[in-house]
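Engineer: Shown below is the structure under consideration.
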């Protein structure tokens, strides 16, 4: 992201090929509809800005007999210092 007179401008985008380190071998996140994860970095100091959004999230109790956890994406990415904690 880079500041411009009209607001912030996206300088570049990146779509990772491998996310299994975070989301498992199948690289899927269970329990969200229309999940969008945007990880942006400020151009001036490379501080990350994480935005996670969805239209619907399955409640853990609703998962019932499915043996899969509903992942807290923000907490998972901040765990083990994958991303620094917000200031």
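The values are calculated or read from the model by the stated rules, or taken from the named source; none is laboratory data. Owing to the predicted nature of the structure, the values given are computational and were not obtained by experimental measurement. So basically every Cβ, Gly included, is an ideal-geometry build from the backbone, and we count neighbours across all protein chains shown.
Engineer: Taking region 2-37 on its own, how many of its residues are surrounded by 13 or more Cβ atoms within 10 Å (Cβ to Cβ) and more than 26 Å from residue 71 (Cβ to Cβ)?
Structural biologist: Result for region 2-37: 1.
Residue-by-condition table, conditions (1) modelled with pLDDT of 80 or more; (2) surrounded by fewer than 10 Cβ atoms within 10 Å (Cβ to Cβ); (3) more than 11 Å from the chain's Cα centre (by Cα); (4) more than 21 Å from residue 8 (Cβ to Cβ):
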| residue | (1), (2), (3), (4) |
| --- | --- |
| 39 | yes, no, no, no |
| 46 | yes, yes, yes, no |
| 57 | yes, no, yes, yes |
| 81 | no, yes, yes, yes |
